[in-house]
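Worksheet for the structure shown next.
The values are calculated or read from the model by the stated rules, or taken from the named source; none is laboratory data. Just so we're clear, the structure is a prediction, and the values are computed from it rather than from any experiment. Cβ coordinates were reconstructed from backbone atoms using ideal geometry, including for glycine residues, and neighbour counts include every protein chain displayed.
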Amino acid sequence: MTTPLTLALSKGRIFIETLPLLAQAGIRVLEDPETSRKLILETSRSDLRIIIVRASDVPTYVQYGAADLGVAGKDVLLEHGTEGLYQPIDLGVARCRMSVAVPRGFDYQNAVRQGARLRVATKYLRTAREHFAAKGVHVDLIKLYGSMELAPLIGLADAIVDLVSSGNTLRANDLVEVEQIMPISAKLIVNQAALKLKRGAIQPLLEVFSQIVSPAGVSP
Ligand code: PRT
Ligand code: MG
C-alpha cells in the first residue's frame, strides 16, 4: 500500500467546523480528538489520516511535507508566511475578524489623529505591523501568546489586535472594537511538492472540497 495522505487539523473550532465538510466529501473521522488522546486519527478512507496539531503549527507541518494538507486560519497563515504552501480553497469555516480594540473611554481615533505613539499588544505581530504602517500610525508592538484582552486593563498596552467573533470577550473586559482589520476564515493548504508528486490522490479531494464550499451555479 502507498503511504496515506495526511491532513493536519487543530482541535477545537477548526476540527469541529471541518468535520461536516469531510462528511460531505464522504470522509468520516473514526476518533474524536476531544476525548481521545491520539494525535493520529484514522478515517473511513484507508488512504487518508488526520493529525492533530496546534493551530499555529498547521502551516509548519504542511510546509515541510509532514502533512500533505492542512486547514489553517488566515490569521495563522499571514503570520507564518506561505512559502512552500499552495492555498487553493477558502473553506469559509472558523470565521471571525481581526480587529483593534481599546478600553472603553480611550479615544483611539483622536490618538491616531494626534499622531500619538501607541503601545499595542498582540499575537499577530506581522499583520498588526502592516496594518499600522499602512495607516501611518506609530506603534510599539508587544508580542503576547494569549489573553491579549488583559493587556490594556493592566497597563501593558493602549490597544490590542485580536480576533473577534461574538464580541463577548471584549464586552466582558470593557473593551471596544475600534477598527476591523480584515475578515478571517480558514483555508485549505497543500504542500506544493505533494501536490505535484501525489496529484492523483490530492486533486480529486480539492475538486470535492471546492464543489462543497462553492457549488456550481450558486456563486454569483
Ligand atoms: O487556543 P490555542 O492556543 O490552542 O490555539 P488557537 O487559539 O490558535 O486555536 P483556536 O482553535 O482557538 O483557533 C483556531 C482558529 O480559529 C484561529 O486561528 C482563527 O482563524 C479561528 N477563530 C475563529 C478564532 C475565533 N474565531 C475566536 N473567536 N480564534 C480565536 N478566537 C478567540 C479570540 O482570540 C478571542 O480570545 O476567541 C475570543 C473572542 O471570541 P468572542 O466570540 O468572544 O468574540
Ligand atoms: Mg484559542
If you go through the range 179-192 one residue at a time, do you hit one that is outside the structural domain of residue 104 (by TED's automatic domain parsing), in a helix (DSSP H, G or I) and out of contact with any Pro (no Cβ under 7 Å at 6 or more places or on another chain)? yes
Quick check on my filter: what residues within the range 2-37 are of a type outside the set (D, E, K, R), under 21 Å from residue 60 (Cα atoms) and in contact with a strand residue (DSSP E or B) (Cβ under 8 Å, 6 or more places away or on another chain)? 4, 5, 6, 7, 8, 9, 10, 14, 15, 18, 33
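Taking the range 124-166 on its own, how many of its residues are assigned to a loop (DSSP other than H, G, I, E, B), surrounded by 14 or more Cβ atoms within 10 Å (Cβ to Cβ) and within 16 Å of ligand 2 (Cβ to nearest atom)?
So in the range 124-166, the residues assigned to a loop (DSSP other than H, G, I, E, B) come out as 124, 136-138, 144-149, 154-158, 165-166.
Filter once more, so that each one left must be surrounded by 14 or more Cβ atoms within 10 Å (Cβ to Cβ): 124, 137, 144, 148-149, 156-158.
Among the residues that remain, those that are also within 16 Å of ligand 2 (Cβ to nearest atom) are: 124, 144, 148-149.
Count: 4.
Quick one: count up the residues across the range 18-50 that are of a type in the set (Val, Ile, Thr) and over 22 Å from residue 212 (Cβ atoms). Break it down into steps so the answer makes sense when it comes.
Residues of the range 18-50 of a type in the set (Val, Ile, Thr): 18, 27, 29, 35, 40, 43, 50.
Filter once more, keeping what is over 22 Å from residue 212 (Cβ atoms): 35, 40.
Selection size over the range 18-50: 2.
Can you tell me which residues in the range 1-25 are touching a residue at least 40 places away in the same chain (Cβ under 8 Å), away from ligand 1 (no atom under 16 Å from the Cβ) and out of contact with any Asp or Glu (no Cβ under 9 Å at 6 or more places or on another chain)?
In the first step, residues of the range 1-25 are kept if they are touching a residue at least 40 places away in the same chain (Cβ under 8 Å); the result is 1-2, 4-14, 17-18, 21, 24-25.
Subsequent filtering for residues that are away from ligand 1 (no atom under 16 Å from the Cβ) retains 1-2, 4-6, 24-25.
Scanning the range 1-25 gives 24, 25.
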All conditions in (1) within 16 Å of ligand 2 (Cβ to nearest atom); (2) β-branched (Val, Ile, Thr); (3) surrounded by 19 or more Cβ atoms within 10 Å (Cβ to Cβ) are true of residue 169 except (3)
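Is it the case, given these coordinates, that residue 186 is within 23 Å of residue 91 (Cβ to Cβ), away from ligand 1 (no atom under 14 Å from the Cβ) and of a type in the set (A, V, I, L, M)?
No, not satisfied.
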